[in-house]
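What follows is a set of notes on a single structure, which appears directly below.
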Amino acid sequence: DTGVSQNPRHKITKRGQNVTFRCDPISEHNRLYWYRQTLGQGPEFLTYFQNEAQLEKSRLLSDRFSAERPKGSFSTLEIQRTEQGDSAMYLCASSIPSRETQYFGPGTRLLVL
Amino acid sequence: QKEVEQDPGPLSVPEGAIVSLNCTYSNSAFQYFMWYRQYSRKGPELLMYTYSSGNKEDGRFTAQVDKSSKYISLFIRDSQPSDSATYLCAMSDPETSGSRLTFGEGTQLTVNP
């Protein structure tokens, strides 16, 4: 069990560019979550998958954001036409349905200039 | 009003002190309660998990839940400099919210040697 991994760990981009982040959950965890955390705040829920199905999306997830989990394993989160307000830590977590505990990855820190 | 309110920090204590971290919540549907520890620029790490009112102890950590008052606490005994981190309370209501976690804003703790 190697834990949840996220890549890249850091991303600096210019406003208007597209970025994509990847999350690899703990193996056999069929639930995968994305959260966003800004400085001095707790993580805020964005979306979650059970296997390959995206079951819930937050109102925070504007139409510039899209997430996929094509084979029920890793997931990608894409932000199109980035804005400075998108600067944050993007966290991925995974769990199994019989347990409510979620295990987080190290996060991807995004800075939009 | 936020669903979860966490005592604001920062909190600074001497080594060996007992630390009390607190959260209140407004959504009576929350059933599961967690505490996470987050070191600077890292992902949250699960510390404690409980789903019933009462106390749960794990080493130097005790999680307390009072559902009637909608109040949860984390106590740290014999605090150590390595406990210096941000502590996040989190809760979930799996029946209606798909196990998304709702976090408090976090309390930054510094334990001074």
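Where a number appears in this text, it was derived from the coordinates with a stated rule and is not lab data. Quantities reported herein were computed from a predicted structural model and do not represent experimental measurements. Cβ atoms come from the backbone with ideal geometry, glycine included; neighbour counts cover every protein chain shown.
Counting only DSSP beta bridges with both residues in chain B, tell me the antiparallel percent, nearest 5.
Values: 37 of 41 bridges.
Beta bridges within chain B, antiparallel portion: roughly 90 percent.
In what order do B:18, B:76 fall by count of nearby beta-carbon atoms within 10 Å, going from fewest to most? Don't skip to the end; give the middle numbers.
On the way: B:18 12, B:76 23.
In increasing order of surrounding Cβ atoms, one gets B:18, B:76.
May I ask you to derive the relative contact order of the range B:1-48, considering only C-alpha pairs under 8 Å and at least 6 residues apart, and to give it as an integer percent?
Numbers: 35 pairs, mean separation 14.5, N = 48.
Result for the range B:1-48 is 30 percent.
Going by how many other Cβ atoms sit within 10 Å of their own, how do B:56, A:14 line up, fewest first? Could the numbers behind the result be given before it?
Working: B:56 15, A:14 8.
With the sparsest Cβ surroundings first, the list reads A:14, B:56.
Tell me, what is the percent relative contact order of chain B, built from C-alpha pairs under 8 Å that lie six or more residues apart? Display every interim value, and only then the final one.
Working: 271 pairs, mean separation 41.3, N = 113.
Averaging sequence separation for qualifying contacts and normalising by length gives 37 percent for chain B.
Please express the Cα-Cα pair-distance distribution P(r) of the protein assembly as shown as a list of whole percents, one per 10 Å bin, running from 0 to the bin with the greatest distance.
Reading the bins upward from 0: 8, 33, 35, 19, 4, 0.
Would you work out the charge dipole size for the range A:1-73 about its Cα centre, treating the Cβ of every Lys and Arg as +1 and the Cβ of every Asp and Glu as -1, and quote it to the nearest 20 debye? Write out the running numbers ahead of the final one.
Numbers: 12 positive and 8 negative charges, 94 e Å.
Dipole size: approximately 460 debye.
So, in chain B, how many Lys pairs have Cα atoms under 23 Å apart, if the pair is 8 or more places apart or on different chains?
Numbers: B:2/B:67; B:2/B:70; B:56/B:67; B:56/B:70.
Eligible lysine pairs with Cα atoms under 23 Å apart amount to 4.
Cα to Cα, under 16 Å, and not fewer than 8 places away if on the same chain: which aspartates and glutamates meet these conditions relative to residue A:11?
The reachable aspartates and glutamates, counting only those whose Cα sits under 16 Å from residue A:11, are A:78, A:83, A:86.
May I ask you to sort B:103, B:75 by Cβ crowding, counting other Cβ atoms within 10 Å and putting the fewest first? Each step should come with its number before you reach the end.
Numbers: B:103 24, B:75 17.
Ranking B:103, B:75 by Cβ neighbours within 10 Å, fewest first, gives B:75, B:103.
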